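One structure is given here, and the rest of the page talks about it.
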Amino acid sequence: MNSISRRQFIKASLYGLGGATISMSLSGCGSSNKSTAKNDFEVAFNHGVASGDPLSDAIILWTRVTPSREEAGVNLTLQIADDADFKDNLVQQDVIALASHDYTIKVDFSGLNANSRYYYRFITDAQVSPTGQFKTLATSGTDPVKFAVMSCANYPAGYFHAYAEAAKMNDLDAVLHLGDYIYEYGKDGYATENAANLGRELASDNQNEILNLTDYRKRYALYRSDAHLQALHASTPFIAVWDDHEVANDAYDGGAENHNDNEGSYAERQLAALQAYFEWMPICPYVKGKTESLYRDFSFGDMVSLYMLDTRHESRAKPLDYSNYLDPATGQLDSQSFIADLTNPAQQLLGTSQLLWLQDKMQQSSAKWQVLGQQVLMNRMNIPAELLAELANPSNTTAQTLTELAQIKGRFLAGDPTLTEIEKARITTTMPYNLDAWDGYPVEREIILQTAKALGKNLITLAGDTHNAWSGKLKDSNGNICGHEFAASSVSSPGLEYYLQLPNEMAMQFAGALQLLIDDLDFANIHQRGFMTISFSKEKVSSDWHFISSVHEQSYQMSNASSEVLAN
């Protein structure tokens with residue numbers, strides 16, 4: 001790894017990306033119904049249009065063009081109207097999609113009216129892009145707010161039916177994409193075994209693990225060729241943040257599990273991934289006034305303050321690993337050393353700056369709901385230690401162990417006086433299941449939970465990453481309920497059922513047992529892909545999980561599960 005510093009990395013990335021976004025205002029743009037953009041070559045809009053990062057008066061608008069030959073730039077005209085037929089354009093402005101930005105173009109457009117719907121498209125003298133639409137945010141009021149929540153879309157693993165279903169909804173305020181928008185693996189990587197049968201193979205010139213800027217750009221181009229994803233982008237603004245696979249699996253500040261020395265500099269790989277992400281995603285390239293960070297916030301009237309957090313690349317310390325605390329001779333865990341490292345304040349997930357920013361924003365907010373849009377589970381997922389060992393190396397005894405433990409826990413909750421001390425110990429000796437999630441960074445979690453409780457806030461966290469659907473209570477170290485969490489299933493990446501090789505019926509039983517064994521867990525679905533919608537009103541927050549019967553078939557059925565939490 002070379003010695004590029006984090007600050008150098010950030011400055012380099014912003015320097016290279018700042019020119020990719022064009023700032024415009026309604027007051028400074030002409031209007032007509034005729035494009036003046038001329039090119040002496042053919043142009044195609046193969047990757048649709050997109051909007052993102054909506055504000056009350058502004059939006060990011062995106063497209064990407066494919067010229068018939070290599071050119072330095074492609075001339076386009078952006079049109080914005082308040083009707084879908086573009087009979088009377090509010091905006092008619094020429095722009096250029098540059099080869100240096102992979103022929104993507106992003107327009108940061110301001111001067112719009114609050115709580116208003118607009119339509120947009122990009123045109124040349126010969127071609128017209130698909131039409132997109134967006135709605136600006138309200139500045140006040142308590143109208144209900146509704147999001148679709150997405151994460152973990154693996155192109156070779158299955159069809160993007162979840163995107164198609166969300167695109168049919170006409171009452172969404174935004175799509176929250178919580179990361180793993182792409183996957184970096186090669187053709188024989190994770191969950192690719194059905195790709196050929198599904199017609200979802202990686203592009204012939206992009207079949208290896210992606211490492212450089214050209215690789216990442218081509219992978220985004222493949223994903224954005226998907227008609228379902230294009231439809232969702234065109235129908236609703238995205239508010240997106242990355243997770244690890246936009247760079248490499250299990251990334252942290254300075255490295256990743258899926259990066260080794262023979263793959264070159266991790267810093268250079270990360271820089272390439274970041275550039276491609278900003279080129280292809282409809283997001284601001286920086287937070288105004290905080291140009292070194294991706295985390296940012298959005299206000300939906302008086303109802304929701306949404307904080308999009310970076311729990312992956314901003315400041316995440318390398319996750320702890322149980323294997324580093326096992327005595328090689330006895331196999332016993334050095335619990336004293338493990339707990340000391342786990343509770344070390346240096347074991348950060350957000351980092352000091354982001355954490356202070358979040359606390360300050362929550363304190364200033366008068367919105368009914370404080371909502372964290374982020375990547376990994378905050379819910380405390382402590383499971384019996386012997387089950388943790390089984391899940392680390394699953395076998396044909398794993399299901400039996402889980403059943404036994406669930407039966408013991410049921411007897412324990414019923415107050416069965418015949419329980420032995422050994423049986424009690426089997427269910428009360430618990431360990432965090434996933435140290436890559438908030439369970440591996442408990443100090444910062446405690447600060448956030450106690451901040452919400454002290455301020456009397458209605459706290460909701462949204463999570464992706466696990467590929468499974470969850471909900472649960474967020475409790476501080478004293479057992480006080482400080483908020484609630486809702487986690488979305490994956491768009492197509494397989495869940496625990498794939499890892500444990502469980503048929504659907506057994507997976508449902510497994511999920512039920514987990515709900516019993518994990519004290520703070522209220523709901524679990526570990527075998528179905530899909531997405532989540534979450535709605536906020538003055539009285540309650542309602543979550544609906546939308547499950548796809550199969551991501552391996554073109555035809556499918558939908559099923560649902562629901563949960564709600566009342567406001568304080």
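The values are calculated or read from the model by the stated rules, or taken from the named source; none is laboratory data. These figures come from a predicted structure and were not determined experimentally. Neighbour counts run over all protein chains shown; Cβ positions are idealised from the backbone, glycine included. Remember, those area values only see protein heavy atoms, side chains included, never the ligands or the DNA or RNA. Shrake-Rupley method; radii C 1.70, N 1.55, O 1.52, S 1.80 Å.
Worth pointing out:
- Contact map, the range 545-568: first residue closer than 18 Å to GLU485 by Cα and at pLDDT 95 or above, second residue assigned to a loop (DSSP other than H, G, I, E, B) and charged (D, E, K, R), Cβ cut-off under 7 Å, separation 6 or more or different chains; pairs are LEU566/GLU539; ALA567/LYS368; ALA567/LYS538; ALA567/GLU539.
- Of the residues making up the range 50-77, those that are hydrophobic (A, V, I, L, M, F, W, C) and in contact with a Lys or Arg (Cβ under 8 Å, 6 or more places away or on another chain) are ILE60, LEU61, TRP62.
- Residue that is under 26 Å from ASN249 (Cβ atoms), in a helix (DSSP H, G or I) and not acidic (Asp, Glu), where the choices are ALA452, ALA507: ALA507
- Of all residues in the range 75-104, those that are among the acidic types (Asp, Glu) and open to solvent by less than 50 Å² (accessible area, probe 1.4 Å) total 2.
- Beta carbons closer than 6 Å, at least 6 apart along the sequence or on distinct chains, pair a first residue in the range 134-149 that is farther than 19 Å from ILE60 by Cα with a second that is in a strand (DSSP E or B) and hydroxyl-bearing (Ser, Thr, Tyr) for PRO144/SER535; LYS146/SER535.
- Index of the failed condition, SER151 passing every other in (1) closer than 22 Å to LEU274 by Cα; (2) touching a Gly at 6+ places or on another chain (Cβ under 7 Å); (3) open to solvent by 10 Å² or more (accessible area, probe 1.4 Å): (3)
- Residue under evaluation GLN359, criteria (1) over 30 Å from SER299 (Cβ atoms); (2) at pLDDT 95 or above; (3) open to solvent by 20 Å² or more (accessible area, probe 1.4 Å), criterion not met: (1)
- Pairs meeting the criteria (first residue in the range 458-469 and surrounded by fewer than 24 Cβ atoms within 10 Å (Cβ to Cβ), second residue in a loop (DSSP other than H, G, I, E, B) and of a type in the set (Lys, Arg), beta carbons under 9 Å, at least 6 apart or on different chains) are ASN458/LYS368.
- When residues in the range 196-212 are screened for being part of a loop (DSSP other than H, G, I, E, B), of a type in the set (A, V, I, L, M) and surrounded by 15 or more Cβ atoms within 10 Å (Cβ to Cβ), 3 of them pass.
- Per-region count, the range 301-359, residues of a type in the set (Phe, Trp, Tyr) and farther than 16 Å from GLN374 by Cβ: 3
- So ALA166, is it open to solvent by less than 30 Å² (accessible area, probe 1.4 Å), outside any loop (DSSP other than H, G, I, E, B) and under 22 Å from TRP242 (Cα atoms): yes
- Scanning the range 426-455 for residues that are open to solvent by less than 40 Å² (accessible area, probe 1.4 Å) and farther than 26 Å from SER353 by Cβ returns ILE427, MET431.
- Candidates THR401, THR428, THR418, filtered to the one that is over 31 Å from the mean Cα position of the chain (by Cα), closer than 30 Å to ALA488 by Cβ and not charged (D, E, K, R): THR401
- So ASN478, is it more than 29 Å from ILE182 (Cβ to Cβ) and either open to solvent by less than 10 Å² (accessible area, probe 1.4 Å) or not in a helix (DSSP H, G or I) (or both): yes
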